[in-house]
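A short reminder: the numbers here are calculations on the coordinates, not readings from a lab. This is a predicted model, so every value here is computed, not measured. Cβ placement follows ideal geometry from the backbone for every residue including glycine, while neighbour counts extend to all protein chains displayed.
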Amino acid sequence: MAQGVRPRVKVPRKAEAGEIITIKTLISHKMESGQRKDSDGNVIPRSIIHRFTCDFNGQNVVDFKMEPAISTNPYFEFEATVPESGEFKFTWHDDDGSVYETAKKIEVA
Amino acid sequence: MEFTRRETLAVGAAAAMVVTIPMPAMASKADALIEEFTGGADVADGGVDLDAPEIAENGNTVPIEVGAEGAEAIMVLAAGNPEPPVATFRFGPLAGAHRAKTRIRLAGTQDVIAVAKMADGSYAKAAKTVKVTIGGCGG
Amino acid sequence: MKIRTLTAVAAMLIAPGFAMSDPDDDTLVVNGEIEMVTKTEAPDHMSDTYVDTIMSGWHFRSDETQSLQMDDFDNSGMVFVDIGRDQWNTAEGGEGKSCASCHGTPEESMEGVRATYPKWDAEAEEVQTLAMQVNDCRESRMEAEPYGYTSGEMANIEALIAVQSRGMPVNVAIDGPVSETWERGKELYYTRTGQLELSCANCHEDNYGNMIRADHLSQGQINGFPVYRLKNAKLNTVHARFKGCVRDTRAETYKPGSPEFVALELYVASRGNGLSVEGPSVRN
């Protein structure tokens, strides 16, 4: 598990049925690209988050494959359709096998 | 050996032609990745929105936005990076729009390319040149 | 020798076609709520300079960079405020206390604090920066190890505290017991150092608005610190930035936490009196 990895997600608390909302996600992660060298000249091995997913009540919203060219502290903004009340689940998959998760509930009036 | 003027002009013209004949386009890494993504299918120009700054304030964190109405997936490449792949955005049934914003690393001035796979199986692409600068005293 | 250096500096500063890029006129409102004062009348103590308007570094950045600071979910520095909050609530050290044990929530106890630092500490009888105060609490009241002066952990706590003063005017005292330190800071600001023989003023007072290579020179204000820099994708503290700047003049740099940098921080903060606290801000 990489150190100091913390998600930060913005989801509106409420929406109308069928409304399209904007979701913003960030996670603090170094995203070591595998292009850098240390002071001895050795390549620092790649260690990034390679996949991000967002699901709502079991249905997929987005599934992003991430490469080393995504900046440190990966940020995504995208849109989701909200059919009913429920929970958004966000996952980030690390090269080292860890999976970081967070969830946000939303209420449909 | 003495050249007549005619001969000199001929040699000059030949030399110029050798220099100006375009080299067969070296299949770049980016082209190969696009081939792989599309399976060799035709890629239309246009129908893909790609928003990136004209001048990136810093190559380490460059905000971009890609979108294509009706796209199933959009692949983004940085043609001038040591490794061109940037991300592949896949949109599921609950995606509200087929677009996404993110921040990327660009090693230098180059083209950012977005290739979209549409739901009907066709492909489209857009490219944008982003200037990446070095500023200040280097601090 | 001197003339050549100056010419080199001049050549660096006057990039063709870019000589004067004025800072823009946009307004900064964060989250649609917090109205930031990013341009205002220069404080009285600067009346002997020809600077009559002080401006936040925000104005010197591109539109794309500016927009990153306008929403707390676009501002990558804010995730470090969250991490700072975890630190705030974690008990550490011999006394088994956390910041929260004495201070409650940052919202309750830290409003307005960032805006007045560096300030005089009567007990220690010296000017203290926020970092010094944090470490003082950690060592004497928590019996915990101090944070590294420019470490990530310190930056996180500084950002958490700065957020509680966002939108409030910077207001550091320059008279009374701090005046000697302030004068020393002012002297440092105007002293040329290094192989490039540059003072802070040469760039940030004489040439703000000009381009230095492809970078838009700001007034060097620190109302936005700690700052999330796109360049290194992390929070940066004031003394780390000072160290970088001094090193860039090719001079032997002072150490973060040194009396010289404390004095300089006090003086530079006072040049921003009236601008809103923006920390954590986003810059290039």
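The C:W120 and A:E32 beta-carbon pair, evaluated with R₀ = 56 Å, returns a calculated FRET efficiency of approximately 0.80. Could you work out, for the range A:68-109, what percent of all Cα-Cα pairs fall into each 10 Å distance bin, beginning at 0 Å and stopping at the bin that holds the largest distance? In whole percents, the pair-distance histogram is 20, 45, 26, 10, 0.
By the Stokes-Einstein formula, at 0.890 mPa s and 25 °C, the range C:110-257 with its Kirkwood radius over alpha-carbon pairs has D equal to 147 µm²/s.
With both labels modelled 7 Å from their Cα along Cα-to-Cβ, the C:D25 to A:R13 distance reads 3.9 nm. Computed from the C-beta positions of C:N232 and A:Q59, the FRET efficiency with R₀ = 45 Å rounds to 0.70. Taken over chain A, the convex hull of the Cα atoms encloses 87 Å³ per residue.
Calculated FRET efficiency, B:D111 to C:N89, Cβ-Cβ distance, R0 = 45 Å: about 0.45 to the nearest 0.05.
With the largest listed first and rounded to whole Å, the semi-axes of the equivalent ellipsoid of chain C from the Cα gyration tensor are 31, 22, 18.
Legend: residue pairs A:K10/A:K89; B:K29/B:K125; A:K10/B:K101; A:K30/C:K234; A:K24/B:K101; A:K37/A:K65, Cα-Cα distance threshold 18 Å; pairs beyond threshold, A:K37/A:K65. Pair-distance distribution P(r) for the range C:16-93, from all Cα-Cα distances in 10 Å bins starting at 0: 15, 32, 27, 19, 6, 1 percent. The rule of thumb for compact globular proteins, 2.2 N^0.38 Å, goes into the C-alpha radius of gyration of the protein assembly as shown 1.11 times. Counted over the protein assembly as shown, the DSSP beta bridges are approximately 90% antiparallel. Just so you know, the Cα atoms of the range A:12-67 work out to an Rg and Dmax of 17.6, 58 Å. With semi-axes defined as the square roots of five times the eigenvalues of the C-alpha gyration tensor, the equivalent ellipsoid of the range B:51-124 measures 24, 13, 9 Å, largest first. Pairs of Cα atoms nearer than 8 Å and 6+ residues apart set the relative contact order; for chain A it is 33 percent. Taking θ as phi - 60° and the Karplus parameters 6.51, -1.76 and 1.60, the scalar couplings of the range A:66-79 work out to 10, 10, x, 7, 6, 5, 3, 6, x, 10, 9, 10, 8, 10 Hz in sequence order, x denoting glycine and proline.
Within the same chain, lysines fewer than 8 places from C:K255 are excluded, and of the rest, those with a Cα less than 20 Å from its Cα are C:K119, C:K186, C:K243. With 0.36 nm allotted per residue and the present C-alpha distance subtracted, the C:E143-C:Q195 stretch has 14.4 nm of extension available.
Calculation over all alpha carbon pairs of the range C:56-191 in 5 angstrom steps from 0 returns a P(r) of 2, 9, 15, 19, 20, 15, 11, 7, 2, 0 percent.
Remark: relative contact order (chain C) = 28 percent; criterion is Cα-Cα distance under 8 angstrom and separation of 6 or more residues. When Rg and the Kirkwood radius Rh are both evaluated on Cα atoms of the range C:59-139, their ratio Rg/Rh stands at 1.07.
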